[in-house]
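First comes the structure, then the notes that go with it.
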């Protein structure tokens, strides 16, 4: 009985001795992290490729080709890939988060920059689809807190700050007879709250803030041949202090 107890004790020591050392555990963790990063890079590549496909299909649609079915399918696939990719990237970052005041390690910087690239797309959508420069600028500021030297974010911030308020030279390109999509292509889309309908006159007005005070330029559309076209442009459409119009949101 005594010998059996000794044998068991020795066996336990042997088993314990066969376990991985702390250094081995670190190496295994580093290897697993590298494998995860490789998978994340592959997922990002697939996502970007599908986005490029969507862009190409939209160009075909704009040229008059009926690509509605493949476009819907491709957009759905982009959503699926994005929903799989982003939680994985965020989890990777959070597993070894940057420390305040400490320089980013190369793998941390790569992950943060990848996250910033995705956030840049979101911010651009706020501007291009919603005319929301304020929200986009907020996103850029948040990104720069984590990565203050990111050149892409800095450039996007500078563009947004320059374009947020309408200037006379930019506004001068808008001419009577232009369609809505031509106006959007020229000076961008207004914030939804800065669009005003006048049903009795069949007029739609788009207001573009010129400053923080709420002064705004206006583009006025009317319907012609079942299409909304510009019939009036007024750089002095809204003077906030006069109270002539509700001041658009900047």
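Counting alpha carbon pairs within less than 8 Å and at least 6 residues apart, what relative contact order, in whole percent, applies to the range 21-163? Before the final figure, lay out the partial values.
Details: 81 pairs, mean separation 22.3, N = 143.
Once normalised by length, the contact order is 16 percent.
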To test your reading of the geometry: what angle, between 0 and 90 degrees and rounded to tens, separates the Cα axis of helix 68-95 from the longest principal axis of the chain?
50 degrees
The FRET efficiency for residue 42 and residue 105, from their Cβ-Cβ distance with R0 = 25 Å and rounded to 0.05, is 0.70
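Restricting everything to alpha-carbon atoms, can you work out Rg to Rh for the range 74-137 with a Kirkwood hydrodynamic radius? Spell out each step's value before the answer.
Working: Rg = 14.2 Å, Rh = 13.4 Å.
Over the Cα atoms of the range 74-137, Rg/Rh equals 1.06.
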Please give the contour-minus-distance gain from residue 180 to residue 152: 0.36 nm per residue of separation, less the Cα-Cα distance, rounded to one decimal in nm.
7.1 nm
Take the alpha carbon atoms of the range 26-69, find their center, do the same for the range 173-226, and report the distance between the two centers in whole angstrom.
36 Å
Pulled fully out, how much extra length does the chain show between residue 224 and residue 84, if you take 0.36 nm times their separation in residues and subtract their Cα-Cα distance?
45.8 nm
In degrees between 0 and 90, to the nearest 10, how far off the longest principal axis of the chain does helix 133-146 point, with axes built from Cα atoms?
30 degrees
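Note the direction-averaged projected area, equal to a quarter of the hull surface, for the Cα convex hull of the range 168-242, in nm².
Details: hull surface 20.7 nm².
The number I arrive at for the range 168-242 is 5.2 nm².
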Any idea what angle helix 151-163 forms with the longest principal axis of the chain, computed on alpha-carbon atoms, 0 to 90 degrees, nearest 10?
20 degrees
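Take each of the peptides 181-189, 135-143, average the number of other beta-carbon atoms within 10 Å over its residues, and list them starting from the highest. Provide the component values of the computation, followed by the final result.
Numbers: 181-189: 16.6, 135-143: 18.4.
Going from most to least packed, we get 135-143, 181-189.
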What is the extension gain from residue 68 to residue 124, computed as 0.36 nm multiplied by their sequence separation minus the C-alpha to C-alpha distance, in nm to one decimal?
17.8 nm
Rounded to two decimals, the Debye log10 I(q)/I(0) of the chain (Cα scatterers, no solvent) at q = 0.11 Å⁻¹ is -0.81
Ranking request for peptides 84-91, 123-130, 222-229: highest mean number of other beta-carbon atoms within 10 Å first, then the rest in descending order.
123-130, 84-91, 222-229
Treat each spin label as a single point 7 Å out from the Cα along the C-beta direction, and report the residue 170 to residue 24 distance in nm.
6.2 nm
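Tell me, what are the semi-axes, in whole angstrom and largest first, of the equivalent ellipsoid of the range 51-195 as set by the roots of 5 times the Cα gyration tensor eigenvalues?
Numbers: eigenvalues 208, 113, 24 Å².
Each semi-axis is √(5λ); the values are 32, 24, 11 Å.
Defining a contact as two alpha carbons under 8 Å apart and six or more residues distant in sequence, what relative contact order in percent does the chain show? Numbers along the way, then the final one.
Values: 264 pairs, mean separation 27.4, N = 250.
This gives 11 percent for the chain.
Every number here is computed from the coordinates shown, using simple stated rules; none is lab data. Model, not experiment: these values are computed from the prediction. Methodologically, a virtual Cβ is constructed for each residue, glycine included, from the backbone with ideal geometry; neighbour enumeration extends over all protein chains shown.
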